[in-house]
Every structure is written in structure tokens, then in C-alpha cells.
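Asker: One structure follows; several queries about it will come next.
What follows draws every value from the coordinates through simple rules; no lab data is involved. Nothing here was measured: the structure is a model prediction, and the numbers come from that model. FYI the Cβ positions are ideal-geometry reconstructions off the backbone, even for glycines, and counts take in every protein chain you see.
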Amino acid sequence: MVEFDAIGVQSPNIAAAILKSGVLVNVDRAQIDGDEGWALLDVANADTEKFIAALTGKGVSIRIQKDAVTHNRTKCVDCGLCISICQKKVFSFDENWQLVVNSERCVLCGRCAMYCPHRALSIEK
């Protein structure tokens, strides 16, 4: 997760870091306006440190996003609604038909938490 303040949004920081580091980056989600913004970037684990070193600059803060989706096993009834609405395939069933969460795939859209009928999912942004 890269966050930009008013200074950071004025420069092509992500593009410059890609050129400087040579690291391929996928922009999973972003929201940037004239005063501030953020971008959720997907970078291979082996390239993370190299890319962060190239991206660090004025008006930019970086946070490694882990476990963005919180799954409350007690509240969950394994209905599978989250599987059907998640386009990034964060959710699946195991061989016992219990919900499995792969939070590394999450792009923080929040649809799963919004539609979970038992409020067993929440998103940390």
C-alpha cells in the first residue's frame, strides 16, 4: 500500500520507481485525487525490498499489506456468498467445505464484508 500526500501526488512516483528498479508491478487498486491518494500494488516477494528502495521519496509512505481480510470463524457459517462475489478469488472451500481465506489476493474492495450476512468478514485498510 502506497499512500501519497499533496506533494506525493504531484510526481509520477510509481512509474519512476518501476523504471529505476526494473521491477514489474501490478496496480490492483488506486484512488488518487489532487490532494492525496493511495495505490495498492502487487509486487513479487523477491522484488519487494528493491522496489520499496526505489519508491521511497517525498510525500510517499509505504505499508506492507498483510491479512487485509479478517475472517471470524465463530460467526461464519460457510455459506459461500463471499466466494461468489469476490472477483479476486480470495475465498474458497477446503475439502470439508469450510471457508479458506487467501488474504494475499485481496484488493480491499470491501464487497465481501459488505455482503456477508453474518458479518464474519472485515477489511483493514
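Asker: Return the whole-Å distance between the Cα centroid of region 102-122 and the Cα centroid of region 34-100.
Answerer: Centre-to-centre distance over Cα atoms comes out at 10 Å.
Asker: Same structure, new question: R0 = 30 Å: FRET efficiency of S103 with A16, Cβ-based, nearest 0.05?
Answerer: Details: r = 29 Å, r/R0 = 0.97.
Efficiency at R0 = 30 Å is approximately 0.55.
Asker: Can you compute the helix-only [θ] at 222 nm over the chain? Use -39500 (n - 2.57) per DSSP H run of at least 4 residues, normalise by all residues, nearest 500 deg cm²/dmol.
Answerer: Working: 4 runs with 27 residues, N = 125.
It lands at -5500 deg cm²/dmol.
Asker: Where does region 2-62 land on the Kirkwood hydrodynamic radius, alpha-carbon pairs, in angstrom?
Answerer: Working: mean 1/r = 0.0872 Å⁻¹.
Value: 11.5 Å, from the Cα pair sum.
Asker: Would you kindly compute the Cα radius of gyration of region 69-123 and its largest Cα-Cα separation (Dmax), both in Å?
Answerer: Rg then Dmax for region 69-123, in Å: 9.8, 28.
Asker: What is the Cα coordinate range of the chain on the first, second and third principal axes, sorted by size from largest, in whole angstrom?
Answerer: Over the chain, Cα extents along the principal axes are 47, 31, 20 Å.
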